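Notes follow the structure.
The values are calculated or read from the model by the stated rules, or taken from the named source; none is laboratory data. Source: prediction; values computed, not measured. Every residue, glycine among them, receives a Cβ derived from its backbone with ideal geometry; neighbour counts consider all protein chains shown.
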Amino acid sequence: MVEFTPEQETIRQTVSRICREKLAPRAAEMDRTGEFPWDIIQEFARAGLTSMFFPVEYGGLGKDLITSTMVVEEISKFNTATAHTFTGIASSRLPLLIAGTDEQKRRYMPRLIREAGVTCLSITEPKAGSDVAGMETRAVKDGDSYVLNGHKCFATNGSVAVLYFIFAVTAPGAGARGISCFLVERGTPGLTPGRIEDKVGLRASNVSELTLEDVRVPAANRLGGEGEGFKICMLALDKARLDAAAMGVGLAQGALDYALRYARSRVQFGQPVAEFQGMQFLFADMATSLEAARALTYEAARRMQARDSSTSHFCAMAKLFASDMAMQVTVDAVQALGGYGVVTDHPVERMMRDAKILQIFDGTNQIQRLIIARGLLGKSP
Ligand SMILES: Cc1cc2nc3c(=O)[nH]c(=O)nc-3n(C[C@H](O)[C@H](O)[C@H](O)COP(=O)(O)OP(=O)(O)OC[C@H]3O[C@@H](n4cnc5c(N)ncnc54)[C@H](O)[C@@H]3O)c2cc1C
């Protein structure tokens, strides 16, 4: 079991209060309209949460990954779509932290923190999803700038971001070693957010297409060296997978709590349905797999914090196990409510739709299995 320090517990309670007061009452409406929760993101930013693990010297809180995982879990209990927006911001900034020069960090970090700047990490393309190295967006050096052309899709925060981390090919034919990462500011001519995806779940998170047409970016905005983009991308994906696992844990906890409350109050055959052993076994299985996923998720966070060489392996296992668990637990929560589980008066149908996406983004669960198996066989991910 994870034991939080008194300081972590205080942060968890702050997040819980914001979510209970501001997010929970609007969750169903946000799911219906797809509304982007600007005010809540601002509130999280004011509390320093969106830049929690940025170093103090750049204006962050300098917190560890156990704390940030705990925050993601807590938000997800109330509304996973907002947790997705939140992690989209927190994780997409990670490349700046791991690969940014001092000058780049000084230029962007304080601004992002001050202005609650929404950020977007854009890797996926219509022809390159799981096969990241198959991307086609090109970045061609021209004097002291690069010119970017291509089409991106499924970019979380794509139409609301102020800063984009765009991955593009600088050396065609070099595969993974030919990819570089660029910081592109909103409003740069040629960068156009496109269609916002109408998704089955996480409906209030903004996921859009991006078109890049002769987007000129100063060479000083390249993150890391030429060809280091794939490595940066994989490090960022480890964190994104840890966040996805935390989302699964929080989402499943929210669903289990709701289903238990319902089963205690719903009377059939003269007694609460929670009194039937068939229902109790369902809840017992939900709780057991949830705790196993939680333990694995925080173990992945601990290893990432310690910069352990097994980080990618554990983040992949946590993402795979926690998202599959969240899918099963939310399906069971719907079952526990009977017919009321499938109507929008109760949140469990939304939670079930949200859970499906956790099995797909940040690398599908098939890809997580590949990463895990390669780790076991001693091959590189
Ligand atoms: C809500 C949402 C948010 C997202 N946010 C972002 C974001 O912020 N930034 C970003 O860059 N991307 C983002 N993505 C994209 C996401 O990471 C991709 O959708 C995902 O990696 C899968 O790519 P794909 O959709 O092209 O599927 P494909 O790669 O076309 O896969 C299709 C099917 O084939 C399977 N498959 C593919 N290759 C293999 C293999 N080698 N072995 C076994 N099975 C395989 C897959 O598991 C899947 O079932 C987001 C996606 C969603 C849905």
If you check PHE182 against the conditions, is it within 12 Å of the ligand (Cβ to nearest atom), part of a strand (DSSP E or B) and either in the same structural domain as ASN221 (by TED's automatic domain parsing) or over 21 Å from the mean Cα position of the chain (by Cα) (or both)?
-> no
Residue check: is ARG307 within 23 Å of ARG369 (Cα to Cα), free of Cβ contacts under 8 Å to residues at least 12 places away in the same chain and charged (D, E, K, R)?
-> yes
Here are some residues: VAL334, VAL343. Which one is among the β-branched types (Val, Ile, Thr) and either surrounded by 14 or more Cβ atoms within 10 Å (Cβ to Cβ) or in contact with a strand residue (DSSP E or B) (Cβ under 8 Å, 6 or more places away or on another chain) (or both)?
-> VAL334
Exactly one of (1) loosely packed, with under 14 Cβ neighbours inside 10 Å; (2) in a loop (DSSP other than H, G, I, E, B); (3) in contact (Cβ under 8 Å) with a residue 24 or more places away in the chain is unmet by VAL2. Its number?
-> (1)
So, in the stretch 363-380, of the ones that are modelled with pLDDT of 95 or more and in a loop (DSSP other than H, G, I, E, B), which residue ends up farthest from the ligand (Cβ to nearest atom)?
-> GLY363
Yes or no: PHE36 out of contact with any strand residue (DSSP E or B) (no Cβ under 6 Å at 6 or more places or on another chain) and assigned to a helix (DSSP H, G or I)?
-> no
Selection from the stretch 137-156 of residues that are near the ligand (Cβ under 7 Å from one of its atoms) and of a type in the set (S, T, N, Q) = THR156
Being more than 11 Å from the ligand (Cβ to nearest atom) and touching a residue at least 40 places away in the same chain (Cβ under 8 Å) is the filter; apply it to the stretch 116-136 and report the residue that is nearest to ILE40 (Cα to Cα).
-> ALA116
Determine, yes or no, whether VAL273 is more than 16 Å from the ligand (Cβ to nearest atom), surrounded by 13 or more Cβ atoms within 10 Å (Cβ to Cβ) and farther than 24 Å from HIS84 by Cβ.
-> yes
Pairs with Cβ under 8 Å, 6+ apart, first in the stretch 199-227 and touching a residue at least 12 places away in the same chain (Cβ under 8 Å) and within 16 Å of the ligand (Cβ to nearest atom), second charged (D, E, K, R) and in a strand (DSSP E or B) | SER208/ARG195; GLU209/LYS152; GLU209/ARG195; LEU210/LYS152; THR211/LYS152; LEU212/LYS152
Is it true that THR82 is in contact with an Asp or Glu (Cβ under 8 Å, 6 or more places away or on another chain) and either among the acidic types (Asp, Glu) or in contact (Cβ under 8 Å) with a residue 60 or more places away in the chain (or both)?
-> no
